[in-house]
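The values are calculated or read from the model by the stated rules, or taken from the named source; none is laboratory data. No experiment lies behind these values; they were computed from the predicted model shown. So basically every Cβ, Gly included, is an ideal-geometry build from the backbone, and we count neighbours across all protein chains shown. Only protein heavy atoms, including side chains, enter the accessible area calculation; ligands, DNA and RNA are left aside. Shrake-Rupley method; radii C 1.70, N 1.55, O 1.52, S 1.80 Å.
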Amino acid sequence: MSARLQVPTKVVRLSHSRPRIAFVGLGWIGRKRLDALVSEPDAQFGVAALVDSDTERLRAAASVHPDASVAPTIDALFDEGLDAVVIATPNGLHAAQAIACLEHGLSVFCQKPLATTLHDVRRVLAAAREADRLLGIDFCYRHISGMHELRQRLRSGALGEIVAVDLVFHNAYGPDKSWCRERALAGGGCLLDLGVHLLDLALWVQDAPPMERVRSRLFADGQPLQGCDGPLEDLAYAEFIQPNGAIVRLSCSWHAHIGQPARIQMEITGTRGGASWSNVDGSFYDFDVHWFQGTNRERLGMSRDDWGTRALDAWLQRLRASNRFDPEAEHIVRSAELIEEVYRA
């Protein structure tokens with residue numbers, strides 16, 4: 001049962017100027033999102049509830065938000081008059097938590113991946129459609145400075161016909177949480193952790209063209225993996241083909257020997273130009289987006305700020321306008337299908 005800390009029981013409808021939000025999962029990502037949003041001088045929502053199975057994390061967050069209800073599980077929150085939930089728990093919990101919230105009439109913003117299997121991705125989407133509630137996924141790289149401009153130019157045909165897309169995310173480190181190495185909770189290794197961002201981005205900037213897997217290979221500690229049993233992959237390679245013949249090449253890894261903390265990149269080759277998104281000097285946070293024509297280079301965006309909450313900010317803005325289901329969420333199926341195909345292969 002939740003510990004009630006001066007939270008009114010009256011249900012506040014979404015027409016209210018400050019939607020009542022529950023934050024589920026207060027680890028590094030969850031707490032970072034919460035702290036960044038409430039630090040804004042004109043916060044447009046109320047922190048109505050906090051959920052975490054870790055008592056210390058819950059107590060620390062509650063000390064900053066004493067008017068919020070607190071609970072170890074989401075089940076205790078469904079009578080709290082909430083409008084929406086932000087989920088930042090281990091991957092394997094996302095689907096069940098999101099579906100439970102949607103079935104209770106709450107809109108949901110969830111960390112990626114939305115679920116660890118294609119079947120569960122479809123179940124969450126079905127629950128969102130049935131409940132007619134807004135569903136968002138934290139694909140934060142869509143909101144890097146310059147990425148929307150790049151998408152618009154691709155839509156306009158300024159790049160010509162797409163010939164190739166190269167996607168890279170090599171991390172010199174690996175996850176430091178024990179659950180990230182447990183298949184039941186993580187769902188997968190570096191492909192589901194890093195590759196899901198890359199595939200989403202490649203699909204999103206191109207308005208989600210169909211792709212088919214051509215070939216792929218997964219490794220753990222240098223050994224090729226077969227099937228979905230055994231250790232989680234720490235190195236993944238995959239190639240896909242688009243209907244026009246364009247090749248999409250993906251590589252991602254943990255514990256990479258790359259001489260810097262990270263190498264993150266998307267390169268797009270077209271018949272009339274090229275484009276790139278890349279990290280700067282090995283950073284996980286600093287990015288440039290460029291447009292190329294011949295020897296000419298134009299910088300579309302430079303991210304040196306705290307852009308990580310922009311996906312959540314955008315979802316909150318849509319939530320304040322309407323909590324109804326947005327069909328844009330259906331696009332998650334495309335990348336989930338590709339990830340699942342790589343694992344099955």
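Could you work out how much longer the chain between Gln260 and Asp207 gets when fully extended? Use 0.36 nm per residue separation minus the Cα distance between them, nm to one decimal.
Extra length from Gln260 to Asp207 when fully extended: 15.8 nm.
For Arg217 and Glu130, calculate 0.36 nm times their separation in residues minus their Cα-Cα distance, and state this gained length in nm to one decimal.
27.6 nm
How large is the helix-only mean residue ellipticity at 222 nm for the chain, computed as the sum of -39500 (n - 2.57) over DSSP H runs with n ≥ 4, divided by its residue count, in deg cm²/dmol to the nearest 500?
-8000 deg cm²/dmol, from helical runs alone.
Helix 147-156 sits at what angle to the longest principal axis of the chain, using alpha carbons and giving 0 to 90 degrees rounded to 10?
It works out to around 50 degrees.
Around Gly27, with a cut-off of 10 angstrom between Cβ atoms, what is the net charge of the other residues, counting Lys and Arg +1 and Asp and Glu -1?
Taking every other residue near Gly27 into account, the sum is +2.
What's the local net charge at Arg213, with K and R +1, D and E -1, over the other residues with C-beta under 13 Å away?
Taking every other residue near Arg213 into account, the sum is 0.
What are the equivalent ellipsoid semi-axes of the range 226-277, built from the alpha-carbon gyration tensor (square roots of five times its eigenvalues), in whole angstrom, biggest first?
Each semi-axis is the square root of five times an eigenvalue, giving 27, 19, 5 Å.
Whole number please: convex hull volume per residue of the Cα set in the range 159-253, in Å³?
Normalising the Cα hull of the range 159-253 by residue number yields 109 Å³.
Check which residues have an amide H placed less than 5 Å from Gly136's amide H, if you skip close sequence neighbours.
Long-range HN contacts for Gly136: Val108, Phe109, Cys110.
Put one equal scatterer on each alpha carbon of the range 62-149, apply the Debye formula with no solvent term, and list log10 I(q)/I(0) at q = 0.13, 0.14, 0.18, 0.20 1/Å to two decimals.
-0.47, -0.54, -0.82, -0.95
Determine the relative contact order of the range 180-304: mean sequence separation of Cα pairs under 8 Å and six or more apart, normalised by residue count, in whole percent.
For the range 180-304, the relative contact order is 17 percent.
Compute the length gained on full extension between Arg297 and Thr55: take 0.36 nm times their separation in residues and subtract their Cα-Cα distance, giving the result in nm to one decimal.
Separation in residues times 0.36 nm, less the Cα-Cα distance, equals 82.0 nm.
Put a dot 7 Å past each Cα toward the Cβ at Arg181 and Ile241; how far apart are the dots in nm?
Once both label points are built, they end up 4.0 nm from each other.
Ordering Lys32, Lys112 by accessible area with a probe of 1.4 Å, largest first, what comes out?
In descending accessible area the options line up as Lys32, Lys112.
Express in Å², to the nearest 10, the accessible area of Glu182 obtained by rolling a 1.4 Å probe over the protein heavy atoms while all chains stay in place.
90 Å²
Scan around Glu233 for amide H atoms under 5 Å from its own, H built in the peptide plane at 1.01 Å from N, and keep only partners 5 or more places away or cross-chain.
Amide H neighbours of Glu233: Gly189, Cys190.
Shape call for the range 288-345 from the C-alpha gyration tensor, a ≥ b ≥ c root eigenvalues: rounded (a/c under 1.5), prolate (a/b greater than b/c) or oblate?
It is oblate, given that a/c is not under 1.5 and a/b is not larger than b/c.
Would you tally the net charge around Ala256, using a Cβ to Cβ cut-off of less than 15 Å, leaving Ala256 out, and scoring K and R as +1, D and E as -1?
-3
Taking N as the number of residues in the chain, what is its alpha-carbon radius of gyration divided by 2.2 N^0.38 Å?
The chain yields a ratio of 1.01.
Calculate how many DSSP beta bridges within the chain are antiparallel, expressed in % of all such bridges and rounded to the nearest 5.
If I count the DSSP bridges inside the chain, around 65 percent turn out antiparallel.
Assuming a ≥ b ≥ c are the square roots of the Cα gyration tensor eigenvalues, decide whether the range 229-345 counts as rounded (a/c under 1.5), prolate (otherwise, with a/b larger than b/c) or oblate.
rounded
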